[in-house]
Structures are given as C-alpha cells and as structure tokens.
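Written out below as structure tokens is the structure these notes cover.
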Amino acid sequence: MATRGSTMARRLGSPRSVRALAASLVCCLSCAPDPAQLRAERTIEAEYDLETGRLQLITFDSDDNGVIDTWSYMDGNIPLRTEIDQDEDGTVDRWEYYRENRTLEKVGFSRGGGGVVDAWAFEGDDGEVARIEVSTLANGTVDRWEHYEAGALVRVEEDLDFDGGADKWETREAGRVATVAFDQNGDGRPERRLVYDAGVLVAIESEPDEQGVYRNRVDVTR
C-alpha cells in the first residue's frame, strides 16, 4: 500500500506522518536549537506510560496556531492509530489505522459528521482507492461495500436487512448503473436482476441457474 502522497491521501486529505512526528520529538530531546526544533517544541507533546515508560500518545499542532489537531496513539515506537481534527472545530473527522509493520492500512472518515467514524477507505496495490466500507447506521457494522477501479466506482454490495451478508449487488459502467441484482429469499444469491442501458432500465431478469445465468428476461419498452 502506498503511503504519503497516495491517491487515498489525495482524496481524503494528506495523512499525518507518525514517523515524522516521532523524529521531531527525538529532535526536541537531542538536537541543538534551531527553527525546526523550536517549532517542534511548541507543537508536539508526548505522553508515556507511568509504569513502563513506553510512549503512548503524541499530540501535534500541525499548523502551529496553538490548537492541538492530531493525536497519534502509540505502543512504544509502533503507531496504532491517528485521529485528526482537520477543520479544528473540536471534532475528529479523520482516523488513520496502521499495520504492525507501520504502514497505513486504512483511513476512516465520517459521512454523517458528528465525530463518528462511519466509513473506511482501503488502497489497492496500485495506490488507488480500491474499496470503501460504510456503516450506514454509524454503529461500526459495515453494511455497504464500494469497489473502485482507476478512481471510478464500479461495483457496490449492500446488506439491506442488516443480517451480515450482502443481498443487493450493483454494477456500474462509465459512471452509470449497469445492473442491480437482489437476493429475495435470503440464500445469499441474487434471484432477480435489473438491467440498464445508459442509466435507463431496459430489462428485468429472473430464474438464474446454478451458474448464475438468468433464464427468464422481460424487456422493458422505453
């Protein structure tokens, strides 16, 4: 997964570099005074576990205006997650999650606002956003999966009855809906599919065989 400067970062805002914050913190403690050190002393603070002495939290005032806007939670020198208040309104609106190897795993954001994370973006191997998972109820349970290719939404899966499995499948072409399929009996497979041409409904298909090929088609007159 790409890190700083990646498409996910460009789309959702530039990620805070935890390693850069940690390096600046070290500089505060060991480097000779210079403008960078003085700025770091003003904008970065660290909190340590009182029993183990391990680093737990780095806070950062990214624009040096006296307002803390970034909180990086640490396990020693290993970043766990970073929470960011991008507009400095007092509410976190971006969450960055890290793997054990310290690379960015996903970026959380809030579609509904209010400081509640309800969507998470994941990158593909090409550095583009490959998938966004959404909790439409903002309860932490994912019920919508959006799939992207070259920055374009190409496929959506939804769990309409909130039972943990997809029961609606949508495909898109050139930015428009191409097909929408529904699981109507709860077996996890679609039984009916709507077919569109240039965004206009042209057919309704049903009675799929074991391979998923629909045996019945009713054309819709435009």
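The values are calculated or read from the model by the stated rules, or taken from the named source; none is laboratory data. Since the structure is predicted, the reported quantities are computational estimates derived from the model, not experimental observations. No Cβ is skipped: glycine too gets one built from the backbone with ideal geometry, and neighbour counts run over all protein chains shown.
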| remark: A careful count of residues in the stretch 181-196 that are in a loop (DSSP other than H, G, I, E, B), surrounded by 14 or more Cβ atoms within 10 Å (Cβ to Cβ) and over 30 Å from the mean Cα position of the chain (by Cα) gives 1
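Across the stretch 50-80, which residue is surrounded by the most Cβ atoms within 10 Å (Cβ to Cβ) among those that are under 20 Å from Trp95 (Cβ atoms) and among the polar types (S, T, N, Q)? Give the steps one after another, and end with the answer.
From the stretch 50-80, those under 20 Å from Trp95 (Cβ atoms) are 55-63, 67-75, 78-80; that's our starting set.
Add one more test, that the residue is among the polar types (S, T, N, Q), and what stays is 56, 59, 62, 70, 72.
Values: Gln56: 17, Thr59: 15, Ser62: 18, Thr70: 22, Ser72: 25.
Applying the filter and picking the extreme gives Ser72.
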| strands (runs of 3 or more DSSP E) contained entirely in the stretch 99-148, each with at least 1 residues that are over 25 Å from Trp169 (Cβ atoms) and in contact (Cβ under 8 Å) with a residue 12 or more places away in the chain | 104-109
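Return yes when Arg155 is surrounded by 15 or more Cβ atoms within 10 Å (Cβ to Cβ), assigned to a strand (DSSP E or B), in contact with a Phe, Trp or Tyr (Cβ under 7 Å, 6 or more places away or on another chain) and not small (Gly, Ala, Ser) and no when it is not. First the steps, then the outcome.
On the way: surrounded by 15 or more Cβ atoms within 10 Å (Cβ to Cβ): yes; assigned to a strand (DSSP E or B): yes; in contact with a Phe, Trp or Tyr (Cβ under 7 Å, 6 or more places away or on another chain): no; not small (Gly, Ala, Ser): yes.
For Arg155, the condition - surrounded by 15 or more Cβ atoms within 10 Å (Cβ to Cβ), assigned to a strand (DSSP E or B), in contact with a Phe, Trp or Tyr (Cβ under 7 Å, 6 or more places away or on another chain) and not small (Gly, Ala, Ser) - is not met.
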| remark: Counting only residues that are in contact with a Lys or Arg (Cβ under 8 Å, 6 or more places away or on another chain) and among the hydroxyl-bearing types (Ser, Thr, Tyr), the stretch 55-111 contains a total of 7
| query | Just a yes or no: is a residue in the stretch 119-129 modelled with pLDDT of 90 or more and of a type in the set (Gly, Ala, Ser)? | reply | yes
| query | Looking only at the stretch 43-94, which residues are within 23 Å of Gly108 (Cα to Cα) and of a type in the set (Ser, Thr, Tyr)? | reply | Thr59, Ser62, Thr70, Ser72, Tyr73, Thr82, Thr91
| Residue that is surrounded by the most Cβ atoms within 10 Å (Cβ to Cβ) [pool: residues in the stretch 81-123 that are touching a helix residue (DSSP H, G or I) at 6+ places or on another chain (Cβ under 9 Å) and farther than 26 Å from Val67 by Cα] | Glu123
